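Beneath this line is the structure, given in C-alpha cells, with notes to follow.
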Amino acid sequence: MGESRSGRVYGRVSQLFTVRPRADCDTESLTAALSYVARAKLETTLTDTAAAAKAESEKHGSKVWPLEYLPSKAVPPADPVVESEPLVLRASALLAPAEPELAPFLASIFGSTVVVQTKEDAHAFRRSGRGSGTRIVALDGELLDSDGAFGGPRRVFTRLQGPRAQFGVWGASPPHTEAALAPAATAAGDALDK
C-alpha cells in the first residue's frame with residue numbers, strides 16, 4: 001500500500017496472500033476452507049511496525065497487525081504435504097504471500113492447522129496420534145478444533161457460508177481485488193442474514 005515515516009502499510013490480509021492451486025484438491029473448496037479458518041484476520045491490515053499500525057488505525061479506523069509483533073519470524077515449510085495417504089496438508093504452506101517478508105504471518109493465522117479432504121480423513125488423522133493438538137479443516141466443510149471438538153454451527157461451513165472476504169487464487173485472472181469481492185461479499189452477507 002505505502003510507506004510513511006512511521007513504517008510500511010502492506011494492505012489487507014485478503015489481498016496479500018493467494019491460495020496455490022493443487023491438482024489433488026478442489027481449489028474453490030481449498031480457498032473456502034482457508035478463508036473460513038482465517039475469518040476476521042482477512043480484514044486485518046498488515047504493517048511492518050507498531051508506529052505504522054497506530055497511524056493506519058487512527059487514519060482509517062481499521063484493525064491492524066504490525067509484523068514486528070509476530071512471536072516467530074519462521075517461514076512456513078515449502079512442502080505442504082504432511083501425509084500423502086490420506087492427504088494431509090499444512091495450511092500455512094498452501095498460500096503464497098505477495099512479498100516474502102509477509103510469510104511469517106501465515107504461521108500466526110494457521111499455527112498447527114492442517115487440511116484434509118473429508119471429515120472421515122480428519123477423524124482418522126486425529127486418531128492416528130499425529131493429529132493430537134492440531135486444528136483440522138476438511139474440504140467437505142467440517143472443522144475439528146485442537147481440543148478435539150467438532151460439529152455444530154461454529155465448526156461447519158460451506159462455500160456459500162464462507163467469510164465475506166476470501167483469499168484469492170494464485171495466478172487467477174482477473175486479480176483478486178476488493179472491487180471484485182464487493183458483489184460476492186454482499187451476496188454472501190445477504191444469504192447469511194436470512
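The values are calculated or read from the model by the stated rules, or taken from the named source; none is laboratory data. Note that the coordinates shown come from a computational prediction; the quantities given were computed from them, not determined experimentally. So basically every Cβ, Gly included, is an ideal-geometry build from the backbone, and we count neighbours across all protein chains shown. Surface accessibility is based on the protein's heavy atoms, side chains included, excluding ligands, DNA and RNA. Shrake-Rupley method; radii C 1.70, N 1.55, O 1.52, S 1.80 Å.
Before moving on, here are some points about what is shown:
- Test: residue in segment 60-71 that is of a type in the set (Asp, Glu) and within 18 Å of the chain's Cα centre (by Cα): no
- Test result for Ala96, of a type in the set (Gly, Ala, Ser), closer than 18 Å to Ala38 by Cα and touching a residue at least 12 places away in the same chain (Cβ under 8 Å): yes
- From the list Pro163, Pro97, Pro153, the one residue that fits, being closer than 26 Å to Val9 by Cβ and modelled with pLDDT under 50, is Pro163.
- The one condition from (1) touching a helix residue (DSSP H, G or I) at 6+ places or on another chain (Cβ under 6 Å); (2) not in a loop (DSSP other than H, G, I, E, B) that Pro21 does not meet is (2).
- Condition met for Val13 (touching a Gly at 6+ places or on another chain (Cβ under 8 Å), within 29 Å of Arg130 (Cβ to Cβ) and aliphatic (A, V, I, L, M)): no
- Test: residue in segment 110-124 that is within 12 Å of the chain's Cα centre (by Cα), open to solvent by 40 Å² or more (accessible area, probe 1.4 Å) and charged (D, E, K, R): no
- When residues of segment 42-99 are limited to those that are hydroxyl-bearing (Ser, Thr, Tyr) and buried (at least 16 other Cβ atoms within 10 Å of the Cβ), the one farthest from Glu120 (Cα to Cα): Thr49
- For the condition in contact with a His (Cβ under 9 Å, 6 or more places away or on another chain) and at pLDDT 90 or above, Thr45 qualifies.
- Selection count where residues are touching an Asp or Glu at 6+ places or on another chain (Cβ under 8 Å) and over 23 Å from Gly168 (Cβ atoms), scope segment 88-138: 6
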